[in-house]
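Since the structure comes first, as structure tokens, the remarks are kept for the end.
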Amino acid sequence: MKVLITGGAGFIGSHLAEEHLKRGDEVYIIDDLSTGSMENIEHIKGLPSFHYYLDTVTNHHLTAELVDLCDIIYHLAAAVGVKLIVESPVRTIETNIRGTEVVLHHAAKKRKRVLLTSTSEVYGKTEKVPFNEEDDLVMGATHKGRWSYACSKAIDEFLAIAYWKEKRVPTVVARLFNTVGPRQTGQYGMVIPNFVRQALNNEPITVYGDGTQTRCFTHVNDVVGALIKLAEHPQAVGEVYNIGSAQEVSILQLAERIRDLAGSKSEITFLPYEMAYEEGFEDMLRRVPDISKISGLIGYRPKYNLDDILTSVIEYSTRKFQSGVVSNKE
Ligand code: UDP
């Protein structure tokens with residue numbers, strides 16, 4: 001089988017590429033390295049069944065050619081990371097919407113199967129947990145940069161579903177909840193790589209807000225396994241699925257756990273949201289997925305618990321530190 005992964009040099013994309021290669025598939029990736037990196041694909045880039053194109057998905061010619069060649073298209077290319085989004089809303093909106101338009105447009109010609117990765121951000125400010133795929137999405141005001149990400153990904157979802165309904169292009173939407181694991185960079189604000197770096201350097205661990213906000217973290221290997229099953233499952237077409245874990249942890253507990261597991265002497269400090277992001281920044285207090293829909297379809301159940309996830313990130317970051325390739329920001 002031939003698969004195309006847009007954003008294939010990103011954190012999740014590179015793990016997905018690796019898994020398909022292990023299965024003996026031919027893997028094609030397009031990545032403009034805006035948030036991905038060559039380092040993520042260093043270990044696979046020499047393989048004969050791996051083909052990479054350093055370009056943007058809005059290059060119609062290239063995307064058309066690769067979509068035509070492949071059996072399944074995973075569309076992961078997107079602007080991600082709350083920090084990046086708040087700082088660069090134009091880039092966020094344009095990257096997310098244009099890229100999806102181009103991919104779906106070309107997939108429509110031969111009705112290629114497309115899996116679009118979306119995000120738990122689309123649930124917005126809803127306070128009802130756990131989040132179910134049928135729930136209303138509660139967006140914030142348009143002058144608050146954060147919501148541009150949620151809205152642009154919601155438009156992507158609408159588009160993917162519309163292509164199925166109107167043009168019979170078999171699309172599936174996967175809403176990813178805080179995915180973590182080796183190779184994730186802290187550069188765009190993600191909490192676990194940041195806390196791990198701070199802990200390993202014995203620097204203060206910066207908890208934003210009061211640390212009572214909660215998240216549920218999923219290991220990238222669990223996510224990749226679920227993405228592949230969804231992409232291949234005939235009944236997933238036209239549907240939206242949460243992919244996440246139900247193990248909820250507060251950000252303060254997370255900081256303490258990372259400090260303990262890393263054997264760190266870091267102190268834990270609190271930083272107001274307006275200093276971490278922007279004035280008026282709104283965070284989600286709780287973000288918990290209802291995973292009954294995906295469990296019912298493919299028997300999904302995360303294999304990695306929070307400690308497994310943290311240990312794998314700490315081990316990875318320790319190795320990186322020892323090899324001296326970690327920049328101050330990562
Ligand atoms: N966070 C934090 N310190 C950091 C980075 C993030 O306290 O250095 C908080 C952030 O405000 C949020 C949570 O950790 O409440 C998860 O943040 P992340 O950006 O990883 O993902 P989000 O769930 O916000 O998309």
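The values are calculated or read from the model by the stated rules, or taken from the named source; none is laboratory data. Remember, it's a predicted structure, so these values are computed and weren't measured experimentally. Positions of Cβ are generated from backbone atoms using ideal geometry, with glycine treated the same way; all protein chains shown enter the neighbour counts. To get the accessible areas, we keep the full protein, side chains included, count just its heavy atoms, and leave off ligands, DNA and RNA. Shrake-Rupley method; radii C 1.70, N 1.55, O 1.52, S 1.80 Å.
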Output the pairs from K83/K293; K112/K293; K22/K303; K22/K167; K110/K153 with a Cα-Cα distance over 27 Å in this structure; if there are none, say none.
-> K83/K293; K22/K167
What does the charge dipole of the range 5-76 about its Cα centre add up to, to the nearest 20 debye, if the Cβ of each Lys and Arg holds +1 and the Cβ of each Asp and Glu holds -1?
-> 120
Do you know the relative contact order of the range 1-102, to the nearest whole percent, from alpha carbon pairs under 8 angstrom that are 6+ apart?
-> 32
Accessible surface of the range 1-159 [probe 1.4 Å, protein heavy atoms]: carbon and sulfur percent = 53
State to the nearest 20 debye the size of the charge dipole of the chain about its Cα centre, where the only charges are +1 on K and R beta carbons and -1 on D and E beta carbons.
-> 640
Can you run phi through the Karplus equation (6.51, -1.76, 1.60; θ = phi - 60°) for the range 72-88 and list ³J(HN,Hα) in whole Hz, with x for Gly and Pro?
-> 10, 10, 9, 9, 10, 4, 6, 7, 9, x, 4, 5, 4, 5, 5, 7, 10
Taking K229 as the anchor, which aspartates and glutamates have their alpha carbon closer than 20 Å to its alpha carbon, excluding any fewer than eight residues away along the same chain?
-> E18, E19, D25, E26, D71, E133, E157, E239, D290
Result for the range 88-193: accessible area per residue, probe 1.4 angstrom, in square angstrom, of 42
Given the chain, what percent of its DSSP beta bridges are antiparallel, to the nearest 5?
-> 10
Contact order relative to length for the chain, counting C-alpha pairs under 8 Å separated by 6 or more residues, stands in percent at 17
Using a cut-off of 23 Å between alpha-carbon atoms, which lysines can reach K265, once sequence neighbours fewer than 8 places away in the same chain are excluded?
-> K320, K329
Taking the C-alpha atoms of the range 97-221, convex hull volume expressed per residue in Å³ = 146
Treating the beta-carbon of each Lys and Arg as +1 and of each Asp and Glu as -1, no other charges, what is the dipole magnitude of the range 256-330 about its Cα centre, to the nearest 20 debye?
-> 520
Carbon plus sulfur fraction of accessible area for the range 174-304, probe 1.4 Å, in percent | 47
For the range 1-71, dividing by residue count, accessible area per residue (probe 1.4 Å) in Å² works out to 42
Hey, if we sort D71, D31, D307 by accessible area with the 1.4 Å probe, largest down, what's the order?
-> D71, D307, D31
Taking placed amide H atoms and a strict 5 Å upper bound, the residues 5 or more places from Y208 or on another chain that come that close are L271
Per 5 angstrom bin, beginning at 0 and ending with the bin that holds the maximum distance, the Cα pairs of the range 1-115 fall in percents of 2, 13, 25, 24, 19, 11, 5, 1, 0
Surrounding charge for V237, neighbours by C-beta under 15 angstrom, Lys/Arg +1, Asp/Glu -1, total +2
For F131, list long-range residues whose amide hydrogen, built 1.01 Å from N in the peptide plane, is under 5 Å from its own amide hydrogen.
-> V288, D290
By how many degrees, between 0 and 90 and to the nearest 10, does the Cα long axis of helix 60-69 differ from the longest principal axis of the chain?
-> 70
How large is ³J(HN,Hα) for each residue in the range 299-308, as worked out from phi by the Karplus curve 6.51 cos²θ - 1.76 cosθ + 1.60 (θ = phi - 60°), to whole Hz, x for Gly and Pro?
-> x, 5, 8, x, 8, 9, 8, 4, 5, 4
For the range 8-13, in residue order, the Karplus 3J(HN,Hα) values (coefficients 6.51, -1.76, 1.60; θ = phi - 60°; whole Hz; Gly and Pro = x) are x, 9, x, 4, 6, x
